Amino acid sequence: MDALEQLFRPCALRDKPVELLTLSACETAAGDDRAALGLAGVAVKAGARSALATLWFVNDQASTTLVTSFYTQLKNDPNISKAMALRTAQTGLIAQPQYAHPCYWAPYLIIGNWL
């Protein structure tokens, strides 16, 4: 965890903090006794402004679809917040019958600065 924290701290080569870290693998926001918010919490604590993470196991295809939509929203609309981009990506999954169940779209959350 200490080495991971060092990766996200500003340094001489990078004077700005990481704006958004995407951790779309399974349970990246699930905590334990060392890190209450999992890897995402460690990254935000170490200086990343925000992290997109998951609370439980995720389906690979649903994750790909959601993350692609999330970044497309951020790219195409410079005024959209990370929270709204995530919401839009989630509602896009809900609209697809094969991903309408909450197990596909609900595990994603933004930790840190959601604006």
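The values are calculated or read from the model by the stated rules, or taken from the named source; none is laboratory data. Model, not experiment: these values are computed from the prediction. Here the Cβ positions follow ideal geometry from the backbone for every residue, glycine too, while neighbour counts run over all protein chains shown. With ligands, DNA and RNA removed, areas are computed over all heavy atoms of the protein, side chains included. Shrake-Rupley method; radii C 1.70, N 1.55, O 1.52, S 1.80 Å.
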* Difference of contour (0.36 nm per residue) and Cα-Cα distance, Ile80 to Glu19 -> 20.5 nm
* Asked: How much accessible surface does Tyr108 have with a 1.4 Å probe, in Å² rounded to 10?
  -> 10
* Asked: What FRET efficiency would be calculated for the residue pair His101, Leu7, taking the C-beta separation as r and a Förster radius of 35 Å, to the nearest 0.05?
  -> 0.50
